[in-house]
Amino acid sequence: MILAARKQFPAWIKKAGYETEGTIITSRLAAIDNIIVKENFDFWIDVIKLYLGIRVSGTNINTFIEAFSTEDGTFPLTDNQNLLRHLASATLSIFVNETDFRVTYKVALSITTTTFLGQYDLTDFNHVLPYARLKTQLGAVEERNNDLDTAGNSLSELESNFEGTTDAAAVDFQNQEMNALLFVVRNILTANKALKEELNVHWWLFGEFMPSVDLVFNSIEVEQMTFLSAAELSTQTVFSLPLRNCKQYLQKAIRSSKTGNKVDKINIYNAIQKLSDEEKSPLLEKEYDGLNYQTPLLLALKCSCEVNGEDWSVYFKATSNQGDVKNEFSCVDIAEQLYRELSLVKYA
């Protein structure tokens, strides 16, 4: 169990070698409180960049710095890049831990997809990812949650309240009854969506057929299945956030492929080279230029399409420090990463 991020803040700052005495912690938490009310995703993209150690400037960063300098008159305005990175990490942790805006879940999902290739040194900032992972897991459950028992009780109460009511009295509680009815309908729709999602995924897995390429699982090479299974699971996902047990679903699909029981790890570059243009196209349907450093596998696919006949991994690595796609990774981990990237793009 992870502790509340706010309680951890003094320890994080002290471990980083910064002052924690007097009113510094209080003033910086006050600044964070002023920041975490923001619901602008572009703002949080820049905060994520700070956390990753990417140099960034502009209005959003000025706003971030101003929040701290306003609360703390001694806050350094120059030579502060390392301090800003630690404060960005703490702010992100507290933001995803304490808020429930729609953008909160999008930010949490972004954090989980960004560092897959190990291209950023997060040794001193590893407290952020657990909060982001937990938020996406809780969000996935909450998004699919419904309370049909309560909804049924509300419907029964609605019927009993309406019986024998005069027209004049009906007007008085019209809004209240409408809200109750909407509550019932929303829960029924959520339950229906959740059931549809689960049924579709199970039919796909147990039917062991990949409609995008019109092939059964055991005739697909593991390299292709790693990417195609992520794309298909994304298609079957009805809600915004990834399925909580997506890894288990993807593992079953990959293990059922032609060589899935023999191969555990693959080279991302070689795997993408084996994909045809027809197999890549469903993965690249959405526009994601603003998310390129947050979606490294999708960017790798895009690079492979744009740099024909050459080693596109060099171009890819030079793009926003994206890491080395010629390293080997677990097939299931790659598929889960790609599925989460596709979820982020759909969320956008």
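Since every read-out is calculated from the coordinates, none of them should be taken as a lab result. All figures in this text were calculated on a predicted structure; none of them were measured in a lab. Here the Cβ positions follow ideal geometry from the backbone for every residue, glycine too, while neighbour counts run over all protein chains shown.
Residues in the stretch 323-338: is at least one of a type in the set (A, V, I, L, M), over 23 Å from the mean Cα position of the chain (by Cα) and part of a helix (DSSP H, G or I)?
Within the stretch 323-338, the subset of a type in the set (A, V, I, L, M) is 325, 332, 334-335, 338.
Next cut, over 23 Å from the mean Cα position of the chain (by Cα) only: none.
For the stretch 323-338, residues of a type in the set (A, V, I, L, M), over 23 Å from the mean Cα position of the chain (by Cα) and part of a helix (DSSP H, G or I): absent.
If we scan the stretch 63-70, do we find a residue that is in contact (Cβ under 8 Å) with a residue 40 or more places away in the chain and either in contact with an Asp or Glu (Cβ under 8 Å, 6 or more places away or on another chain) or surrounded by fewer than 16 Cβ atoms within 10 Å (Cβ to Cβ) (or both)? Walk me through it before giving the result.
Narrowing the stretch 63-70 to residues in contact (Cβ under 8 Å) with a residue 40 or more places away in the chain: 68.
Restricting the remaining residues to those that are either in contact with an Asp or Glu (Cβ under 8 Å, 6 or more places away or on another chain) or surrounded by fewer than 16 Cβ atoms within 10 Å (Cβ to Cβ) (or both) gives none.
There is no residue in the stretch 63-70 that is in contact (Cβ under 8 Å) with a residue 40 or more places away in the chain and either in contact with an Asp or Glu (Cβ under 8 Å, 6 or more places away or on another chain) or surrounded by fewer than 16 Cβ atoms within 10 Å (Cβ to Cβ) (or both).
For the stretch 229-273, name all the residues that are crowded, with 19+ Cβ neighbours inside 10 Å, assigned to a loop (DSSP other than H, G, I, E, B) and among the aliphatic types (A, V, I, L, M).
LEU241, LEU243
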